[in-house]
Every structure is written in C-alpha cells, then in structure tokens.
Protein chains: 4
Amino acid sequence: MPKKIRLGILGGGGDSLIGILHRVASQINDNYEIVGAVFNQNHDKSIKFAKEIDLPTNRIYKDYNTLIEEELKLPKEERIQVCSILTPNFLHFPMAKKLLENGFHVICEKPLTTTYDEAKILQNILDNSNLVFAVTHTYTGYPMTRQMREMIKSGTIGKVQKVDAQYYQGWINPIIHDKSKRSSTWRLDPEKAGISCCMGDIGVHAFNMIEFTTGLQIKSVLADLNYLYEDNAMDIDGTVLIRFNSNAKGVIRSSQIATGEENGLSIAVYGDKGALKWEQENPNFLYLLTDNKPLQVYKPGHAYNSKLSLDGTKLPPGHPEGIFDAMANIYLGAAKAIRNEKYNSGEFPTMNDGVRGLNFIESTVHSHKQGNTWVNLK
Amino acid sequence: MPKKIRLGILGGGGDSLIGILHRVASQINDNYEIVGAVFNQNHDKSIKFAKEIDLPTNRIYKDYNTLIEEELKLPKEERIQVCSILTPNFLHFPMAKKLLENGFHVICEKPLTTTYDEAKILQNILDNSNLVFAVTHTYTGYPMTRQMREMIKSGTIGKVQKVDAQYYQGWINPIIHDKSKRSSTWRLDPEKAGISCCMGDIGVHAFNMIEFTTGLQIKSVLADLNYLYEDNAMDIDGTVLIRFNSNAKGVIRSSQIATGEENGLSIAVYGDKGALKWEQENPNFLYLLTDNKPLQVYKPGHAYNSKLSLDGTKLPPGHPEGIFDAMANIYLGAAKAIRNEKYNSGEFPTMNDGVRGLNFIESTVHSHKQGNTWVNLK
Amino acid sequence: MPKKIRLGILGGGGDSLIGILHRVASQINDNYEIVGAVFNQNHDKSIKFAKEIDLPTNRIYKDYNTLIEEELKLPKEERIQVCSILTPNFLHFPMAKKLLENGFHVICEKPLTTTYDEAKILQNILDNSNLVFAVTHTYTGYPMTRQMREMIKSGTIGKVQKVDAQYYQGWINPIIHDKSKRSSTWRLDPEKAGISCCMGDIGVHAFNMIEFTTGLQIKSVLADLNYLYEDNAMDIDGTVLIRFNSNAKGVIRSSQIATGEENGLSIAVYGDKGALKWEQENPNFLYLLTDNKPLQVYKPGHAYNSKLSLDGTKLPPGHPEGIFDAMANIYLGAAKAIRNEKYNSGEFPTMNDGVRGLNFIESTVHSHKQGNTWVNLK
Amino acid sequence: MPKKIRLGILGGGGDSLIGILHRVASQINDNYEIVGAVFNQNHDKSIKFAKEIDLPTNRIYKDYNTLIEEELKLPKEERIQVCSILTPNFLHFPMAKKLLENGFHVICEKPLTTTYDEAKILQNILDNSNLVFAVTHTYTGYPMTRQMREMIKSGTIGKVQKVDAQYYQGWINPIIHDKSKRSSTWRLDPEKAGISCCMGDIGVHAFNMIEFTTGLQIKSVLADLNYLYEDNAMDIDGTVLIRFNSNAKGVIRSSQIATGEENGLSIAVYGDKGALKWEQENPNFLYLLTDNKPLQVYKPGHAYNSKLSLDGTKLPPGHPEGIFDAMANIYLGAAKAIRNEKYNSGEFPTMNDGVRGLNFIESTVHSHKQGNTWVNLK
C-alpha cells in the first residue's frame, strides 16, 4: 500500500498561479504530501504563507541550501523525496543541480535552465544517478494530447508530412507599447529571463508539443523574430520554419503581441493518411481528418481512447475537468459559512435549493401522471 | 490564520466519480483536511481504501452512526466539523438528519432526499440550528454561470421573458432497450432512486440552474414524460413547460435517451434587453446577445467579470481548469517513476525534453540574429 | 435538350427578400426563364420594377386575374407554365385556386393558406389534376437536411425515440414592447396573418423539418403559447409538446422574442442506435452521435453523402454556397465600373491585384530556390 | 433604367465548377445577360452545352479570336461588352490581351497570367485604355471580409503589427503519393500551370486577402516550399515569412497536402488596439478581439456593419447565403416534376406538406386556447 510521496516546494508562494497549479495537481491523485518548502526568498513571507495554507512551519526553510542541509539530517523515511522548482528561470539551474547532487528527485518548471550548456550539465549529473527528473510541460498531460500521440504512434495518420503549431498570446501588447512598462518588465530583461522572451516562454511549448505528439525530432530551424522597438532586446513574436528528417516540414508560430489572444496553443499534424488537430482552449476535443470520411471528433473518457489517454481521465465523457474547480468553489463557499466568514448569496447552494428541487421533481411526475396538467410549486 | 476545516466523508470510496470529485474539490483551496470517513458499507473495503489514499485508519468507522458517536467523544477542536454525504439517494435523509441533530455541518449531494416531505423535515431542523448545509449543485460553481447570475441581477438583459434549459444525456439508451439490463439498474428502481429517474437525476439540475441564474422562482409546471416500455416504471425522458410569475414562460428539456449526448446541460435566458446563453460542455464561454450589437463572448478571469465570478477563478484567461488535471497527470507519472513503478514514455516530460527545449530556444534566436538562416539542432 | 420552363411571378417586387430569393434560385440551375409577372398591386410600380431588372414589360399584368386571362390567350408553347406566389399569406388561397383551375403549375410560399379548410380545398383541386404544386419550405433544400433525411430512412440512427426542434428569432422583441408598434405590425394582425404569428410563421418550419427528416407523422400536440401583453392577439412565442405513433415523443420550441437570436432553426433526432443534429445558421455541418464512437461531422459534396444530398450540391467540399454571392458582389462592382457608375475601392479586385499576385508567386519560388532568403516585392 | 450588361464567356462549359460559379454570380443581381461564348475548345461540345442551358447558339463561337472578330461586326449596342475568362491559366494572357486591345472589358479568373512579365504587359495596355478589368479574387466579395477591411481602415484595431494567413487544402494528398497520378496532373505540370502549384493556386489568395483587408503592401518574402518527391517539380506546400514596411511581420501558410482540409482559408490581423479574425469555411462570422473586453462576433446584414459590407448582403441576419442554393434545389425538383422527369420524394415540398402545416398551426393554437390539452392532428 503506497505511502504518499514527501514533496518539497521551492517558490510558488502567495497567489502565484504556478504555485496554486502545482499544489492542486500534487493533491489530485492522493500521491503527494507537502512536507517542506521555501515559498519565498523572504523567510517571514514564507512562514506566513505556510500558515495561510495550514502547513506546519517547522520545515519551512530560509533558502534552498538550508532546505537541503536540514532535510539530509532527517531519517530517510521522513526526508523530502522530491522537490518542485517553481522559481524564476535563472534559479532553476543551481537549485536543480544541488538537489540532484544530494539525491533528491526533481520536478522542474520549464524552461529547464536559461542556457543549453547548463541544461547539458544537469543531464550529465542525472545520467549518473538513479533519480527522476520531470519538466512540467503541462500540456502533455491533457487526455487528448496523449490520445493524439498514441494515434500517431499507432499509424492512424500514416507518415507525417506537415506540422503546424501555434502559441499566440496578447498579454505583452499593452506593455510593449509603453516605454516605461517595457523597460521594467522582467520577462523583457535578458538578465532575468535569458536570451528569449517569446520563444523561451511559449514557443518552446509549441516545440515540445510537436515532438511529444509526433514522436519525431525537429532537425533544423529558420527563425524570423520581432522585437517591435529598438530599445527592446527580447523577441515578443516570431515565426520559425522547421524541418524534420525526411521531407516533412512545418512551422511554429508564436506571439505575445497577438492582441486579444489568451492562451492560444494549438497543433495540427498532417500525415499521408490523415490529420489530427487540437487546441488548448478547448482541450477536450481532438479532430481526426481524412481524405474521404466524415470528420471525427474524439473526446476524453470514451473506451475508444488509448490507455495513456484513459489513465489521465478521471471523469466520464461530457464532464470538463473544470468541474473539479466548480465543486471546489462550492466547498469554498461552504468553508466561509462554516468559519462564520462573510459570504454572499450564490456562493453555495443551500438547503432551500434542495427543497425546491424535490418540489420540482414531485410536481413534474404529478403533472405527467394526472394527464399533463399544470401543477403549482409550493 | 485559519486552520483547515476537519472534513468527514460518507460514501465515495473506490473509484467512485463523486468521491474523487469531492476529495479533489475539498483540497483545491487549502481549506479542508479529511480526518474521518465511512467510505463503504463494508468496513474492510473502507479501511483498504483509506490506506490506498494514505489516510490514517483510526477514524475510519463502520457506519455513520458510529462515526457520529465516536466523533462526539473527541474534543471539539479535533472533532469532524462537516460531513460530505456521497451515498445513494435514499441514505441522504437519515444521515443528514442525524448529523444536523448532533451539531455537524453538512455538504450533501443532490437530490437532497427522495421526497419533498423528507426535505421539509431537514429544513425545519436546520432552521432551528446555526449549522451550514450545502447541496452540491455543482454547475453553480462555474465562473460563467456565476457571471450569468450577476449579469441578470444587474439588469444586463432586462426583464426575463423566456427561459430554455436542456439536460440531455444518452447513457441509459443501451440499457433501456435491453429487458434484463433495465430491470437490474438501480436508477430505474423506484425503491432505490425515488419516484423519478430523469427528472430526479438531471432535470432537477436544469431546474436549479434556471432559478440560480435568473433569481426567479418557477411557479408551475406541466410535464410530459417518457417511459418507452410498459415494464419500465421510471421516466427516462421528458419535457416540462414552466411558468414564472408575470408573463415569462419557458421549458425544461431533459433526457437520458438522447443517444450520444454526454452531459448536455445548457441554459438560455431571454430578457427584453438581451439574452445570455451557456453550455456545460464548454463552460468557459458565456454568450451575450442583444437586438442590434455584435454577439459578445465572456470568458473567465477577465476584469470585466463580476466579483462572484472572479472569486471562483484561479487561473488567467485562456487556461481551462482542466490544466489542473493535466498537471496532475504529470505528477502522477513522476510519482510512478519515484516509486519505481512501471510507467510508459509520455507519462511525464523528462530531462531530455528540457534539454531539447533549450536547444530550440537558442537555435531560434541564433537563426534570427544571423539573418534568418537555417540552424541545425544538436 | 430541355428548354427553360416559363415562369410567372406574383408578388416579390422591389427589394422584397423573398422576391430576390426566388429570382436567384430560379436562375441557379439554368432551368427557368421569367416571362411574366405581377410584382406589385400597383401596376406602375410593377412596370418600373420590371424595367429595373431589365425584363420585357409586355407581360407585366395589372393583377393575377388578368395574368391568367391573357396568358391563356397565348399559344401553349409561349404561355407561362408555372407561377410562383410570393404575396402576403391571405392571397395564397385565391391565387393558387385560380391558377390550378386554369392549368398552371404552382410554386407557393408557406404557409400554404391561412386556414386548414382552404388548404384542403386546394388539395382536392390538385388531386383531380395533373399539375405540380410545390410549397417552398426552403430549409428542406439544404444538402445536409437532405442527407439527414436519407440517413434516417436508411436506418443509420435506428428507431426514432425523441425529436427536438427549435426555431428562435428575436426580431419582434423591440416591437412587442412598444404599444404603438405592436398595434401597427401586420404580422400581429389576425386579419392579415391568420390565427397565429409565431407558430404560423416559423413554428410550422420546425414542424415541417421534423416530418421531412424523420419521415414520421406527428400525431398530437399540446401547446403553451405566449402573447406577453393582453392587447396582443397573436402568439409570439410558444412550446409545443409532440407525440408520434409508437412511444416517440418530442418538442417544438419557437419564439420571436428570443432576444438577439437571428434565424435559429435547429433539429435533433435521437434514435435507438444514434442521433443526428443540424443547425440552419451553420447549414453545412451534420452531426452524427452514437453510444460509443467519436462524433462524426458530415459536410456537403463528399462522396459519402446520399444521392439526394449530392444532387443538391454544386460546389466542392469546403466552399460555402455563400461563395456564389461573394462572386456576385464582385460582378456587381464590375458592373458599376462598366456602366461608369460611382464605386469604391474594394468593390472588385483590379488588374493591380492580379499583378501583385504574380509578383508574390514568383518572389516566393525565387526565395525558396535560392536557399530561403529574403526577396523584395517590386 | 439600366439595361443588362452583355456578357461573353470563355471556358467554363460542362460541369466546370468555375463555370457554374460565374454564371450564377452574373445572374444574382440582375445585371448581366450572357449573349455569347466559347465554352469549350471543341466547338461541338460548346454548342451542345449552350443548348443544355438553353442559350441561343448563334453567338457560340469556335474560338476566342472568332468571337472577337464577329462581335466587332455587330452594332455596338448589341455587342458583347465584357468577357469572363475561365480557361486554364496559360490562356489568360493571350485572351485578355486581345480583348483589351479590341475594347472589351474583362473579368478574369486568377492567377492573372502565368508570369509577372505578362501581367505587366496587360497592365500597360489597360493603363492606356478606359476599360474595366476585374480579377476574381472571390473571397474579397464576402460581406465579412469587406467588413474586416473597413474596420481596419477606420482604425478599429490600431496599427497592424502581425498578420497570419492560412490556406490549407488536402486534395493533392492522394495524388502526390501515387507516381502515375502525380505525373499526369496538369496542376503539377509547369508547362500548363506556371512555376508554382500551391503558391500559384491558393497561396496567392492568402496574399491577396492580406493586402485586401489590411490595405498594406507586403514588402518582402522568405519562403520554404515542399515538393515531397524528387520527381515532382511543383511546390505542393509552403510557408512564407512576410514583412511589411514598419516593424509589422507575418506569415502565409499554404498547403495542398494538409490531408483532410477542404478549403481552409483564414486570416488573423493583429493591431496594437485589437485584432480581427475570419475563416472562409464559416464566412459569416468576423471576430474582434481586444486586450480587455469580451470577444465580439460580427455577422452580416446588421446595421452595425459598414456600407461596403451591407452593399454585399442581400439577406437578413441569420440567413446563410446557402439559402439561395437551398431554394434553387427546390426549384430544381419542381422543374423535374413539371417536365415529367423522374424525381424522388424529398426533392420538393408538396401540397401535402402545406396542408400538414396548416393542420399543425391550427391544432397548436387550439391546444393552447382550450387550456393546454392534447389535440390530435387529422
């Protein structure tokens, strides 16, 4: 009977999106227990946040070096087994390196490091260990990208001949056109974000999605990037021509000035027998196109999906996973009420809603049974 | 600094969908800690399941009466504060009644009870207490149904004049046409499921969604149900004409023989100034129609949404909440690897994916900077 | 070699939508030639309109009685063979009656007449003739409604068990809430429009679409209509419960106060083996749902469609029929230029657009052939 | 009062799609009358086709030189005024040249010619004439591409900073992988189709759509094309990086091996204040995105559209232009019946459908008026 894995967290405190995402994800399958953390470089804030989420504070450390030292003093069966690195990019490398060197498994946000050379160093260390290292290219976890991978692997679309991936966002648009904003945004500062903004932050997701779904390796690239202003050192848009071995070609389109786009990651893979298309903003639909049959739309949870896809599906067909969050909102509303905090009508359905429901059900059956006549609700 | 609320769970063991849904939802906002449970009427199974999800077994009880008795012996600051009832419908009433009578808050699956009379009894007990009682009409927790409610309340569509709600599923289709299956399905047994199958199970969700979003009460109903076979005692399809006070009218359409439909809950509310439409299978889109302006599509997380909607949104625009689950699938893959269990390629992105990513980013910038030429990846 | 059929037109002059629709439709397959007409009850307007569309005026008559009398004097091989009736509803009956009695075929807008009794009289006359009588339930002419009919006939979805048809418009919303407007709209005047506004104008289309696609007859109805105001004598909204022979049931939902809806006709037919769904506002998509296979989307022009569907398709897959109109707009722009009328940039692509195109094509191939380098357009 | 313009047609006989498209389009606005033609290089076939569409054969000529010579002999008020050129590409140049030199207006299919040099020659001739020359980039005729152009011109999305156009088809996929088919397809023969297949046939439409909607000129291109097989001389896929003056950049993606794609032309234009997106396969929807307001969906026929868009709209909102064709199919069915040709049930709605309709309408009102009870249809 498996015990929960002991998880440490570096970064991701406060209302950090990435912090929430990793915490929730680690709880969903009952596999992990958070036992230690450095949520913030400011130790007081770190402690404060631990209390907010009701975590014991004795293993909230002041920095990652301390975390490693102190945890190594604990008996192995109590010690953190794996650490999630959720810090700004430039810290990934030193943290991951020291964790691996001291025998900790690592779950690391992307990009892995800020340079290829650093990445190779980590790979070398890992290769000489028995440790697990996961990079959170989150979109590969969707049931339908997994299904896409398995269908391509099984030959459904034949030999890949064209690939088109897009990752369009518009969030930097109001920043880039404002001189003071663009000089004070860390994503646009090479010191903090590495050599690329658009390609490093999101183009690389499109790249990864191509290699994940097709199982192919991209052999070469030709890129045209856009910086828009001369005083801006970082690409905020670009198109990359790509070539695979064989005659397959393709394109990666990526932008942070695609005004109004939210998180427009999509991929289309065309083979000689068919094609598969997927969009992140409607992640539960996978489209299969062929030369001469009706378009087919695959959805999660159906028995026709592959094992890899079904293993990643916890809900029956027709239930978007957002329902976890919808239910969580109701639990949140109830928690406020239980704690006697202020809450508003609509935050959770009450007894009265339940009573109305029974009134409806009985009235409905009554109306039918007496020959389709009107029945008043009480 | 709030401590987590101590949660007990009745039902929902094994691979019960509703069990997973409530467990995940209770963890998402760091508000609840599961401390006790009766997961199954078979105590051994209950214990076994607790071990599977790495829960201490000392507060896994043999039945709900024992749970209540034993928890009452504990000091108040250790005792279960609230119980979630996830059992079959006919157990909701006795469990909820006893919990309320002994001072426990309750979170109860719908339908609240199997009869209106039982529901009224519970309401009476609650009215004479200071307890919290939530009925999990989950769909009211979506950011965009909350936004719909707030927009109607604020007058965006004017006075409601027509309402159309649908809840179409097809799951009972292969059962209803098979005589032996339809006689052995508990949902079709009035003893276990109450007087209605289709209206009781899903029609009531459509009903609740109407009252939740419009803030109006349905005054009377006229129903035509369908049983398809003479030896079937339970409705598996039906249409309900509805009337509100004033001249507003509408319809609730509900079916479990809408072959091929998955979880097709949707609602359209038409006012004299505009209309709002929402569909559960694409829950992040809310449509505003007016007489003479372009159709507007509202999405979660934007500042233009109401507080009630934004409070229920944890992710930035463009991120479907399914991303929690996608990330969870990656954590699951990593957990298998950390535990040295068997896993397959594709279950989580590895160091190698991270290294490839850096290779891509650097090659892309390199290609651009040297005048848009081809660069080979290593 | 067939000669074109000689067509007469009653009504539909000026910028009448229905007039444009019938004129264009009659030309599309090179089968009809318009030879005579009464476009308007005002003879001068009728003549003026004939000149506008460059039709000889010698067979533009002052009323339908004159048309019939004069045409009968012509030799049979010159005489109008068929008349299209595009007038207000109450004129359908006398016109159709007299045409049939004098040996003319008829193409008649719906509703056929204003009362069932009149309709039966026409049917009797027709039954004792060899004439052709078409009622223009236009939506049955779409390739995908025809495909739907043929698939149901061939057993694709098994035995029909539930039908849901909708026809929602919002156009009467700004009228109905304005006392003076609602008292001066002919559609709301029983003298001119018959006993029903919403059911008579659009509900009947939904009804027809059900019988057309399913091949079944509706046996009985139960209706709840809405008039909204006491001084309004005509239904402007309603829901109709329907029953077929056997245990199949369904619903027709129809409204003219569904604010913001444009022409929302849709139909879903659920059988015991599958379901088919179609929407008028996206008429080129037909959805096939089953218990356990991916959703399939049928589109016009593919070889997998039935003969009835393919016979009604003139364009290859992916070309919406709106392309006829797009091309017509370009011809219109060119006509203005040819006639030396005023026109604006953008009304048709010019020589310059053609030259730019060649410049693009050659530059593109040039760029590729010289190793993917930049080429300036001239 | 304008007389119809006298139109001649070169090419487009038999069941040529492009022939049908131009014939229908020329009739739609009552502006043109076809008076002469060379439908086919085989004169007998040309005559035969003229008879099929019931056109007088005295002005069906054996070739375009004869057409020009003979028409010049006719008095000016009878003579063809404008000729549509619908032949294979390599004939566009000689035909257009001679027509212009002899004073005929020209409507020419794209690509204008097979080389840029030829195109420049035509342009020179035209510049020294008073003639009209239209190139049928059909997609610029859609109401919503016109609306897009006008909105960009009026500043709705601010300064253009990124453009992405796609034209994906899959039709050449089954041909390109079959050695004998690919060597016998004229589109893949440079002698007949010019220097490019994919860019020349469809890439150029995407190019034109960019310049049409943005009002900008593309300054330079960098292309990577795909030929897939060494024995194939013509590109069947490619991606083109594009640059405008200023810092705006973009991409044109075009393919004929995008397996399963039908006619996937789409365009997205991103400005610093907003973005506009349009797709040919759903041509009645234009999407406006901004940084912080709900997505807006524009549709044809609404008063909020520009004059250029409204001038190209003949139908009220919610009516796809395919309704012209749906109605034409009913006229076709009636024509078969009138001519006593064989036709099948479903080809047009009959008297019986009309009678059923009245029966429905009256029963519905009856049911409502007697208190929502069941009424049997007769």
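The values are calculated or read from the model by the stated rules, or taken from the named source; none is laboratory data. On a predicted model such as this, the values are computed, not experimentally measured, just so you know. Using ideal geometry, Cβ is built from the backbone for each residue, glycine included, and neighbour counts are taken over all protein chains shown. Calculation scope for accessible area: heavy atoms of the full protein, side chains included, ligands and nucleic acids excluded. Shrake-Rupley method; radii C 1.70, N 1.55, O 1.52, S 1.80 Å.
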For residues of D:280-292, the mean tally of beta carbons on other chains within 10 Å: 5
Amide H within-cut-off set for A:CYS108, under 5 Å, with H built and near neighbours excluded: A:ILE85, A:ALA134, A:VAL135, A:THR136
Dipole magnitude of region A:60-183, debye to nearest 20 (Cβ charges: Lys/Arg +1, Asp/Glu -1, about Cα centre): 560 debye
Partners for C:LYS378 among lysines (Cα-Cα distance below 27 Å; same-chain residues under 8 apart left out): B:LYS369, C:LYS369, D:LYS97, D:LYS98, D:LYS110, D:LYS120, D:LYS153, D:LYS159, D:LYS162, D:LYS192, D:LYS219, D:LYS249
Exam field: B:PRO174 pseudo-label spacings to other copies (7 Å along Cα-Cβ), nanometres: 3.2, 5.0, 5.1
Shape category assigned to the protein assembly as shown from the gyration tensor of Cα positions, a/c cut at 1.5: oblate
Region A:140-311: C-alpha gyration tensor shape, a/c 1.5 cut-off, then a/b vs b/c: prolate
Prolate/oblate/rounded label for chain B (Cα gyration tensor, a/c 1.5): oblate
With every protein chain in place, region D:5-136: carbon and sulfur % of accessible area (1.4 Å): 47 percent
Estimated dipole of the protein assembly as shown in Debye, rounded to 20 [Cβ of Lys and Arg +1, of Asp and Glu -1, Cα centre]: 0 debye
FRET E, pair C:ASN124, D:GLU191, Förster distance 56 Å, beta-carbon r, rounded to 0.05: 0.25
Using a 7 Å Cα-to-Cβ projection, D:SER129 label spacings across copies, nm, ascending: 5.2, 7.7, 9.1
Chain D Cβ-axis minimum, rotational copy B, residue and distance in Å: D:GLN296, 3
GNM top mover of D:LEU332, D:LEU112, D:LEU295 - chain D, alpha-carbon springs below 10 Å: D:LEU332
Sequence-distant residues sharing a close amide H with C:GLN161 (under 5 Å, placed H): C:TYR270, C:GLY271, C:ASP272
DSSP-assigned coil residues among GluC sites (Glu not before Pro) in region B:132-233, each with at most 14 further Cβ atoms within 10 Å: B:GLU230
Nm distances between copies for D:ASN102, ranked from closest, using label points 7 Å along Cα→Cβ: 4.7, 9.1, 10.2
Gaussian network model of chain A, springs between alpha carbon atoms under 10 Å - residue of A:GLY215, A:GLY271, A:GLY238 with greatest fluctuation: A:GLY215
Candidates per trypsin sites (Lys or Arg not before Pro) in region B:153-219, loop by DSSP, up to 16 other Cβ within 10 Å: B:LYS159
Among A:LEU358, A:GLY346, A:PHE324 - extreme Cα towards positive end, dipole of region A:324-369, charges at beta-carbon: A:LEU358
Average beta-carbon neighbours from other chains, 10 Å sphere, peptide C:210-217: 2
Estimated vicinal HN-Hα couplings, Hz - region A:49-66 in sequence order (Karplus 6.51, -1.76, 1.60; Gly, Pro = x): 5, 4, 5, 4, 9, 6, 9, x, 9, 5, 10, 8, 9, 7, 7, 6, 5, 4
Semi-axis lengths, Å, region D:199-246, gyration tensor of Cα atoms, sqrt of 5 times eigenvalues: 25, 12, 6
Protection proxy ranking, peptides B:334-340, D:247-253, D:115-121, average beta carbon neighbours within 10 Å, highest first: D:247-253, B:334-340, D:115-121
Candidates C:SER345, C:SER367, C:SER306: whichever shows maximal mean-square fluctuation once chain C is modelled as a Gaussian network with Cα springs under 10 Å: C:SER367
Karplus (6.51, -1.76, 1.60) ³J(HN,Hα), θ = phi - 60°, over region B:117-123, in Hz, Gly and Pro reported as x: 4, 4, 4, 5, 4, 4, 4
Peptide D:30-42 - average C-beta neighbours from other chains (10 Å radius): 2
Sorted peptide list for B:320-327, C:13-20, A:94-101, criterion being average Cβ within 10 angstrom, highest first: B:320-327, A:94-101, C:13-20
Highest-first arrangement of D:29-41, B:60-72, where packing means the average Cβ count within 10 Å: D:29-41, B:60-72
3J(HN,Hα) from dihedral phi, region A:312-318, Karplus parametrisation 6.51/-1.76/1.60, rounded to Hz, x for glycine, proline: x, 10, 10, 10, x, x, x
Cα-centre dipole for region B:1-78 with unit charges at Cβ (Lys and Arg positive, Asp and Glu negative), debye to 20: 40 debye
Region D:272-343-region D:30-86 distance, computed between alpha-carbon centres (Å): 32 Å
